[in-house]
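The values are calculated or read from the model by the stated rules, or taken from the named source; none is laboratory data. Computed from a predicted model, the values in this text were never measured in an experiment. Positions of Cβ are backbone-derived with ideal geometry, glycine not excepted, and every protein chain shown enters the neighbour counts.
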Amino acid sequence: MNDFRRTLAVVAAVAGCFLIPLYEASGQAQQIGIIDLYGLSRVAADQVRAALTFKVGDTIPSGGEERRAFLASSETRVAALPGVARARAEVVCCEQGRAIVYLGVEETGAPTLQFRAAPQGPARLAADIVQAGEDFWKALMLAVQQGRAEEDRAEGHALNRDPAMRALQERFLIYAKRDLPALRVVLQSSSEAAHRALAAQVLGYASDKQAVVGDLVQGMADPSEEVRNNAMRTLMVFVEAVPTEGRPRPRVPFEPFVALLNSPIWSDRNKSSGALMALSESRDPKVLAALRAQALTSLVEMARWKSAGHALAPLLILGRLAGYSDETAFGLWERGDREAIITAAIKGRVPGPR
């Protein structure tokens with residue numbers, strides 16, 4: 001595997017990660033290494049940074065409640081700025097052993113994403129599925145801490161190389177076959193967001209993946225960001241399946257992912273950019289046109305994020321909008337010339353030979 005393909009695999013893995021709280025992923029409090037912003041069009045970035053109550057080098061509390069309070073004070077101050085409707089801070093693990101803080105801003109008057117109302121139904125997952133989900137989370141935490149959370153997505157569902165995680169995923173295959181109708185009902189109607197999120201994960205192990213694409217796309221409109229995250233992650237793995245004669249790659253619509261590139265929630269942007277990196281690989285004119293018309297500004301600011309693992313997917317998408325080959329765009333990336341790609345994407349053409 002060459003450097004480009006190896007890097008793409010790493011980026012896909014980063015985009016496809018589960019939502020892991022920092023203190024659980026690292027097991028300890030961490031210093032902030034990067035602070036990046038997004039959602040800014042009219043409000044100045046310097047003004048937002050000046051309102052923050054934390055800075056690079058500060059230590060983030062390890063406890064969940066303390067960490068939320070740590071972030072909330074900055075969210076409140078930023079939301080009070082003229083032109084800001086709301087702000088949302090998210091801590092992500094990790095860059096060179098230090099935490100990344102992303103702060104998303106929703107400006108006053110900006111288009112607002114509409115999610116469906118929270119369902120109120122009584123449907124719940126079977127007890128053994130809930131237990132497997134809890135066991136999977138514990139195994140994932142351990143695998144992340146030990147640096148062995150790699151997974152194989154060739155079959156259209158994730159199978160980790162970590163033995164404990166893989167054993168649980170093989171149980172998901174059994175549950176998806178046994179409880180497919182119930183899983184769909186839970187994702188659609190359960191009042192428990194945790195059950196809906198786990199249903200979105202387990203549905204990815206259905207034998208007929210095309211049959212559940214519609215359920216998962218609907219999950220992308222869920223009011224819970226955890227449910228949206230898992231639904232998008234499952235669909236992303238579908239898109240990355242290696243087709244065979246008897247197993248075609250599932251057809252996944254691109255439009256919901258494009259819309260979520262403009263979300264003020266970081267996980268929405270992370271998952272949608274990862275999925276669209278795969279969905280735009282063929283350079284379908286309809287996909288590229290939608291990206292340019294609806295999400296060019298968001299892609300540009302994401303491509304400038306300091307974390308390479310989070311910025312490369314949007315930058316490669318911009319390279320495709322500009323007409324660069326992925327290899328050429330990656331070469332510019334390696335030379336540190338992101339702005340050449342960004343400028344060409346904004347102009348809609350590549351200067352000189354492609």
Residue hits (the range 319-331; crowded, with 19+ Cβ neighbours inside 10 Å and without any contact (Cβ under 8 Å) to a residue 24 or more places away in the chain) are Ala329
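Would you be able to tell me the number of residues in the range 271-329 that are part of a loop (DSSP other than H, G, I, E, B) and among the small types (Gly, Ala, Ser)?
Initially, the range 271-329 is screened for residues part of a loop (DSSP other than H, G, I, E, B), giving 280-284, 304-307, 323-325.
Cutting the leftovers down to among the small types (Gly, Ala, Ser) gives us 280, 282, 307, 323, 325.
Total satisfying the criteria: 5.
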Of (1) of a type in the set (Gly, Ala, Ser); (2) under 20 Å from the mean Cα position of the chain (by Cα); (3) surrounded by fewer than 13 Cβ atoms within 10 Å (Cβ to Cβ), Gly156 satisfies every one except (3)
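Quick check on the range 88-117: of everything there that is among the aliphatic types (A, V, I, L, M) and out of contact with any strand residue (DSSP E or B) (no Cβ under 6 Å at 6 or more places or on another chain), which residue is farthest from Ala295 (Cα to Cα)?
The residue in question is Ala117.
Please give the helices (runs of 4 or more DSSP H) falling wholly within the range 1-66 in which 2 or more residues are modelled with pLDDT under 90. Before you say what the answer is, go through the steps one by one.
Details: elements: 3-15, 22-26, 45-51.
By residue number, 3-15, 22-26.
Conditions (1) in contact (Cβ under 8 Å) with a residue 60 or more places away in the chain; (2) in the same structural domain as Ala308 (by TED's automatic domain parsing); (3) aliphatic (A, V, I, L, M), marked per residue:
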{"site": "Glu75", "(1), (2), (3)": "no, no, no"}
{"site": "Ala80", "(1), (2), (3)": "no, no, yes"}
{"site": "Arg86", "(1), (2), (3)": "yes, no, no"}
{"site": "Val92", "(1), (2), (3)": "yes, no, yes"}
{"site": "Ala99", "(1), (2), (3)": "yes, no, yes"}
{"site": "Ala110", "(1), (2), (3)": "yes, no, yes"}
{"site": "Phe115", "(1), (2), (3)": "yes, no, no"}
{"site": "Gln120", "(1), (2), (3)": "yes, no, no"}
{"site": "Asp135", "(1), (2), (3)": "no, no, no"}
Taking the condition over 17 Å from Ala29 (Cβ atoms), modelled with pLDDT of 95 or more, out of contact with any helix residue (DSSP H, G or I) (no Cβ under 8 Å at 6 or more places or on another chain) and among the hydrophobic types (A, V, I, L, M, F, W, C), does Ala85 pass? no
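Scanning for something in the same structural domain as Pro223 (by TED's automatic domain parsing), of a type in the set (Val, Ile, Thr) and over 21 Å from the mean Cα position of the chain (by Cα), does the range 143-153 turn up at least one residue?
Taking every residue of the range 143-153 in turn, none turns out to be in the same structural domain as Pro223 (by TED's automatic domain parsing), of a type in the set (Val, Ile, Thr) and over 21 Å from the mean Cα position of the chain (by Cα).
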